[in-house]
Amino acid sequence: WSNIMVVGEHHSTGKTEETAKLQLASYVEQVFIAQPFRMAIIGILTSNTSTTLTLWRFDRAGVVGSLKLDYSSTASHGGLTSVVQCLYSLTTRELQRTWFHTRSVSWTGPKQPDWCTVVPTNEEHAKQGVLLNEKLFTAGGIVSRGTSVWKAILQGTGRVVAVKYSWQSTKRTSEAKNYSIAHSKGVVGLPELVSHDEYEDISTSVRRGVTPCTLLDPHNPTPAERSAIEAYTLSAIGCNRSFTRLVLGTIGKPISDYSLSALDIARSLLAGVISHASLFFQGGILHRDVSINNIIAIPSPLATLPRTPPTIGGESLYTPGIDLYGCLIDLDYAVVVTEQNTSGIPERTGTYPFIAIAILQGTATHRYRHDLESFLYVLLWVACY
């Protein structure tokens, strides 16, 4: 899958067109997993009843399909020869021309990232290379964040860091901003934010030049064509995502890691609960995605809690002087409490095995107590598995 440029599926006899499309999409998902810096993938669906094919362009916001193309020898556009020539041309083009992200990475081989430029937040004009030497996690799915996390080394200092790439919704507060707000308010139990950057987005970069219909006159579209373009533009903006990178100064293991001892898991769970409380009561931010992958265990203390902790209703937020052997990560779905959705329409966020029941049912807006319910399911998970 790491070497695939184009995927294809034949709509064979006995198979519905919907089944063929789903099969094509499953191939695309595997390519996205194997090629985390791939921004878009072309899929080809051939017909079992005629000499036609349909091109589908997949990205992290969805898929756009073409009209049916006739590749018979009598076709006016050159037939099958033209199709093969177009496909072959993809193998000879530069990586950025075949929808690879190349602004922050370079390759020693065709598809293997080697380094990226990092601008540390405390050194505004300094740049240093980062060696991405081990992929720790890659998320599945197509219309998703497509998160990939790497263990990396800052080449200037040799410091080990975590580098996270993901397609974040442009409608949400950025994860980097949530980290910055939390750190500015003294929240404990979160990884250090070394750097953050934002690159291509779907609407203006990945789908640049894509139109919902064939324009007879691009300079003077008909009312119907103009209506189709406006509808497509609104849809693209509504589901737009941008490719972002975070460099975090804390490396650990998710509590689902089988190499962790019972003490390691207990310590990291405690750190996760304390961090969540600090994030909400001190930072005014609700996490909304508590899961086994978002609580990590670390071998040495991330921090020692202050001797004079903040108080809530006359009670200390946490026991002072405790060493935190873990932290809470992934603020993608986190929301500043004052900015939370007030439309009355519940928003379902989180990781499915750990989402609170009321959120799954769509009967409640996400509150602090729903995250506590997620912590309960995390505890049950580690106890059972």
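The values are calculated or read from the model by the stated rules, or taken from the named source; none is laboratory data. None of the values given here were measured: they were computed from a predicted structure. Quick reminder, even Gly has a Cβ in these numbers, built from the backbone with ideal geometry, and neighbours come from all protein chains shown. Please note that ligands, DNA and RNA were not included when accessible areas were found on the heavy atoms of the full protein model with its side chains. Shrake-Rupley method; radii C 1.70, N 1.55, O 1.52, S 1.80 Å.
Among T311, T338, which is the only one that is open to solvent by 20 Å² or more (accessible area, probe 1.4 Å), among the hydroxyl-bearing types (S, T, Y) and closer than 27 Å to T173 by Cβ?
Going through T311, T338 in turn, just one is open to solvent by 20 Å² or more (accessible area, probe 1.4 Å), among the hydroxyl-bearing types (S, T, Y) and closer than 27 Å to T173 by Cβ: T338.
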Original post:
Taking the condition open to solvent by 20 Å² or more (accessible area, probe 1.4 Å), within 18 Å of I265 (Cα to Cα), modelled with pLDDT of 85 or more and among the aromatic types (F, W, Y), does Y325 pass?
Top reply: yes
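Report yes if some residue within the stretch 338-347 is farther than 21 Å from L380 by Cα, touching a Lys or Arg at 6+ places or on another chain (Cβ under 8 Å) and of a type in the set (G, A, S); otherwise report no. Before the answer, list the steps.
Taking the stretch 338-347 as the starting set, the residues that turn out to be farther than 21 Å from L380 by Cα are 338-347.
From what is left, the residues that are touching a Lys or Arg at 6+ places or on another chain (Cβ under 8 Å) are none.
Looking through the stretch 338-347, none of the residues is farther than 21 Å from L380 by Cα, touching a Lys or Arg at 6+ places or on another chain (Cβ under 8 Å) and of a type in the set (G, A, S).
Find the strands (runs of 3 or more DSSP E) located wholly in the stretch 144-249 whose residues include 2 or more that are farther than 24 Å from S300 by Cα, and list them. Working first, answer last.
Working: elements: 148-154, 160-169, 193-201, 241-248.
Qualifying strands (runs of 3 or more DSSP E): 160-169, 193-201, 241-248.
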Subject >> Every residue from the stretch 50-61 that is charged (D, E, K, R) and part of a loop (DSSP other than H, G, I, E, B) >> reply: R60
**OP:** Could you check how many residues of the stretch 296-323 are hydrophobic (A, V, I, L, M, F, W, C) and within 15 Å of G249 (Cα to Cα)?
**Re:** 5
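Specify the residue that is farthest from G129 (Cα to Cα); the eligible residues are those in the stretch 164-187 that are aliphatic (A, V, I, L, M) and open to solvent by less than 20 Å² (accessible area, probe 1.4 Å).
Restricting attention to the stretch 164-187, the residues satisfying the condition of being aliphatic (A, V, I, L, M) are 176, 181-182, 187.
After this cut, where a residue has to be open to solvent by less than 20 Å² (accessible area, probe 1.4 Å) as well, the list is 176, 182, 187.
Numbers: A176: 20, A182: 27, V187: 29 Å.
Per the stated criteria, the residue is V187.
Can you name every residue in the stretch 260-279 that is free of Cβ contacts under 8 Å to residues at least 60 places away in the same chain and surrounded by 22 or more Cβ atoms within 10 Å (Cβ to Cβ)? Walk me through how you get there before you give the answer.
First, the residues of the stretch 260-279 that are free of Cβ contacts under 8 Å to residues at least 60 places away in the same chain: 260-263, 266-268, 270, 277.
Matches in the stretch 260-279: S268 only.
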**OP:** State the number of residues belonging to the stretch 134-158 that are farther than 15 Å from L246 by Cβ and open to solvent by 60 Å² or more (accessible area, probe 1.4 Å).
**Re:** 6
Subject >> the stretch 25-49, residues that are part of a helix (DSSP H, G or I) and either of a type in the set (A, V, I, L, M, F, W, C) or in contact with a Cys (Cβ under 8 Å, 6 or more places away or on another chain) (or both) >> reply: A25, V28, V31, F32, I33, A34
Original post:
From the residues in the stretch 360-376 that are open to solvent by 20 Å² or more (accessible area, probe 1.4 Å) and of a type in the set (S, T, Y), which one is nearest to R348 (Cα to Cα)?
Top reply: T365
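Evaluate the following for R208: is it basic (K, R) and surrounded by 15 or more Cβ atoms within 10 Å (Cβ to Cβ)? Steps first, answer last, please.
Details: basic (K, R): yes; surrounded by 15 or more Cβ atoms within 10 Å (Cβ to Cβ): no.
So R208 fails the test.
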Original post:
Among (1) open to solvent by 50 Å² or more (accessible area, probe 1.4 Å); (2) over 22 Å from the mean Cα position of the chain (by Cα); (3) polar (S, T, N, Q), where does Q282 come up short?
Top reply: (1)
**OP:** Look through the stretch 1-33, keep the residues that are of a type in the set (D, E) and out of contact with any helix residue (DSSP H, G or I) (no Cβ under 6 Å at 6 or more places or on another chain), and return whichever of them is nearest to S47 (Cα to Cα).
**Re:** E17
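So which of T121, T92 ends up being modelled with pLDDT of 75 or more, out of contact with any Lys or Arg (no Cβ under 7 Å at 6 or more places or on another chain) and of a type outside the set (A, V, I, L, M)?
Details: T121 fails: modelled with pLDDT of 75 or more.
That would be T92, the only listed residue that is modelled with pLDDT of 75 or more, out of contact with any Lys or Arg (no Cβ under 7 Å at 6 or more places or on another chain) and of a type outside the set (A, V, I, L, M).
With respect to D257, determine if the residue is assigned to a loop (DSSP other than H, G, I, E, B), among the charged types (D, E, K, R) and surrounded by fewer than 17 Cβ atoms within 10 Å (Cβ to Cβ).
Numbers: assigned to a loop (DSSP other than H, G, I, E, B): yes; among the charged types (D, E, K, R): yes; surrounded by fewer than 17 Cβ atoms within 10 Å (Cβ to Cβ): yes.
Criteria met by D257.
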**OP:** Could you check C116 against (1) modelled with pLDDT under 80; (2) assigned to a strand (DSSP E or B); (3) open to solvent by 20 Å² or more (accessible area, probe 1.4 Å) and say which number it fails?
**Re:** (3)
Subject >> Complete set of residues in the stretch 6-24 that are in contact with a strand residue (DSSP E or B) (Cβ under 8 Å, 6 or more places away or on another chain) and outside any helix (DSSP H, G or I) >> reply: V6, V7, G8, E9, H10, H11
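Regarding I229, is this residue among the β-branched types (V, I, T) and under 30 Å from S316 (Cβ atoms)?
Values: among the β-branched types (V, I, T): yes; under 30 Å from S316 (Cβ atoms): no.
Taking the combined requirement at face value, the residue does not satisfy it.
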